[in-house]
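Below you'll find the structure, written out as structure tokens, and then a few comments.
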Amino acid sequence: MSNTDTELGPVDTFAMVVGGGLVLLGTVVLGLLDTFIGNPYPLPVLNEAGEVVASPTFSVEIRGTIIALGLAVFALYAVYKLFAAIVSPETVATAEGDVPTR
Amino acid sequence: MRLDDQEGLGVRQMVDTLETTLLGRPVRFELSGPWTSYMVVFTRLLVGWWFVYAGLEKYANLWYAPAEAFDASGWLLHGTAGAPGWLHGFLVWAGSTGWLLAATNYAIPLGELLIGLGVLFGFATRLAAFFGAFLLFFFYLGSADFTNGYVNGNLLGIILFMQLIVFGAGRIWGVDGYLERTGFVRNHPWTRYLLG
């Protein structure tokens with residue numbers, strides 16, 4: 001296969017580091033901490049009366065929002081790539097290296 | 001691509017070597033060209049049918065009398081209580097605002113169907129996959145079905161759609177493979193971010 005070595009710009013690197021980092025923070029890192037600190041389950045534990053007897057250390061509010069921000073970074077990056085290609089068409093083939101193949 | 005004779009055993013397979021840098025660090029690894037291509041198409045077909053079916057079953061009332069017309073209000077108003085507050089508030093507002101609920105009831109089945117068909121046939125694959133991930137974002141956080149953890153089917157679906165975008169999966173046995181060889185696409189390279 002051809003060498004697909006490409007140099008990423010700061011926006012690409014930002015999307016990789018921040019987007020992926022936030023998703024991994026919300027799922028893996030906080031998930032690991034959540035498992036070993038207090039209630040190990042990601043949702044509140046209820047008793048038979050429906051009362052909350054144990055809450056997760058990191059609420060859905062926190063973890064869900066962090067993951068959402070990470071996914072939003074990826075989405076914004078995708079939109080940016082499209083508009084950057086419209087403004088500077090010459091960057092498409094050279095930056096991606098994914099010329100059409102059969 | 002080269003044919004490798006692995007460990008001199010006479011087993012020859014097509015091996016590709018990918019050389020690049022990842023966040024400044026060199027990366028070099030070999031992969032099987034045929035298996036990589038196969039898995040891209042395999043994934044595309046499964047994900048495509050996933051969404052085609054999700055769209056079709058919401059129209060089932062058109063040919064199956066017991067089925068009811070799709071109505072998102074139940075989920076929007078009562079199925080999103082576990083979502084983060086900012087999203088729950090938005091979804092409840094959408095479910096209780098007449099015109100927005102009507103638009104949602106129209107857009108979700110049609111969107112799922114079009115996304116599924118696009119991915120299944122590899123037509124406007126990146127565009128379809130983007131909106132597939134967009135829809136799943138709301139299903140993932142709106143339903144907040146985290147009983148078995150935060151990595152669930154909806155999140156993995158988002159990741160699969162992202163992979164289809166990165167691979168440009170429609171170029172392998174897909175309509176986009178033909179479209180990208182047309183003069184129009186070659187003269188308008190930005191369209192490849194919608195195809196691929």
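What to note about this one:
- Residues located in the stretch A:41-64, provided they are without any contact (Cβ under 8 Å) to a residue 12 or more places away in the chain and surrounded by 12 or more Cβ atoms within 10 Å (Cβ to Cβ): A:Val45, A:Ser59, A:Glu61
- Looking at B:Tyr150, B:Tyr193, B:Tyr140, B:Tyr106, just one residue is farther than 19 Å from A:Ala78 by Cβ, hydroxyl-bearing (Ser, Thr, Tyr) and buried (at least 16 other Cβ atoms within 10 Å of the Cβ), and that residue is B:Tyr150.
- You will find that of B:Leu141, B:Leu91, B:Leu87, the residue that is within 12 Å of chain A (Cβ to nearest Cβ), over 19 Å from B:Leu156 (Cβ atoms), touching a helix residue (DSSP H, G or I) at 6+ places or on another chain (Cβ under 9 Å) and part of a helix (DSSP H, G or I) is B:Leu87 and no other.
- Single unsatisfied condition, A:Ala15 versus (1) exposed (fewer than 14 other Cβ atoms within 10 Å of the Cβ); (2) modelled with pLDDT of 90 or more: (1)
- Being buried (at least 18 other Cβ atoms within 10 Å of the Cβ), modelled with pLDDT under 95, facing another protein chain (nearest Cβ under 10 Å) and within 24 Å of B:Leu127 (Cβ to Cβ) is a property that A:Ala93 lacks.
- Of all residues in the stretch B:153-196, those satisfying the criterion of being more than 22 Å from B:Tyr38 (Cβ to Cβ) and more than 10 Å from chain A (Cβ to nearest Cβ) are B:Gly153, B:Asn154, B:Gly183, B:Phe184.
The rows are residues; the columns are (1) closer than 30 Å to B:Trp190 by Cβ; (2) among the aromatic types (Phe, Trp, Tyr); (3) in contact with a strand residue (DSSP E or B) (Cβ under 8 Å, 6 or more places away or on another chain).
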position: A:Phe14; (1), (2), (3): yes, yes, no
position: A:Val17; (1), (2), (3): yes, no, no
position: A:Glu61; (1), (2), (3): no, no, no
position: A:Thr65; (1), (2), (3): no, no, no
position: A:Leu71; (1), (2), (3): yes, no, no
position: A:Ala78; (1), (2), (3): yes, no, no
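- Check on B:Phe130, facing another protein chain (nearest Cβ under 10 Å), at pLDDT 95 or above, closer than 24 Å to A:Phe83 by Cβ and under 11 Å from the mean Cα position of the chain (by Cα): yes
- Residue tally, condition modelled with pLDDT under 90 and either over 20 Å from B:Phe146 (Cβ atoms) or loosely packed, with under 14 Cβ neighbours inside 10 Å (or both), over the stretch A:18-40: 2
- Considering residues of the stretch B:23-35 that are among the hydrophobic types (A, V, I, L, M, F, W, C) and more than 8 Å from every other protein chain (Cβ to nearest Cβ) only, the residue farthest from A:Phe14 (Cα to Cα): B:Trp35
- Any chance A:Thr27 is within 22 Å of B:Leu141 (Cβ to Cβ) and in contact (Cβ under 8 Å) with a residue 40 or more places away in the chain: yes
- Some residue of the stretch B:93-100 being surrounded by fewer than 22 Cβ atoms within 10 Å (Cβ to Cβ) and either touching a residue at least 24 places away in the same chain (Cβ under 8 Å) or touching an Asp or Glu at 6+ places or on another chain (Cβ under 8 Å) (or both): no
- Residue under evaluation B:Leu120, criteria (1) touching a residue at least 24 places away in the same chain (Cβ under 8 Å); (2) buried (at least 22 other Cβ atoms within 10 Å of the Cβ), criterion not met: (2)
- Within the stretch B:19-37, residues that are within 19 Å of B:Leu164 (Cβ to Cβ) reach partners that are surrounded by 13 or more Cβ atoms within 10 Å (Cβ to Cβ) and at pLDDT 90 or above with beta carbons closer than 6 Å, at six or more positions or on different chains, in the pairs B:Ser37/B:Ile172.
- Residues satisfying the stated conditions in the stretch B:37-88, i.e. under 16 Å from B:Phe139 (Cβ atoms) and either small (Gly, Ala, Ser) or in contact with a strand residue (DSSP E or B) (Cβ under 7 Å, 6 or more places away or on another chain) (or both): B:Ala54, B:Gly55, B:Ala72, B:Ser73, B:Gly74, B:Gly79, B:Ala81, B:Gly82, B:Ala83
The values are calculated or read from the model by the stated rules, or taken from the named source; none is laboratory data. All of these numbers come straight from a predicted model, not from anything done at the bench. Neighbour counts are summed over all protein chains in view; Cβ atoms, including those assigned to glycine, are modelled from backbone coordinates with ideal geometry.
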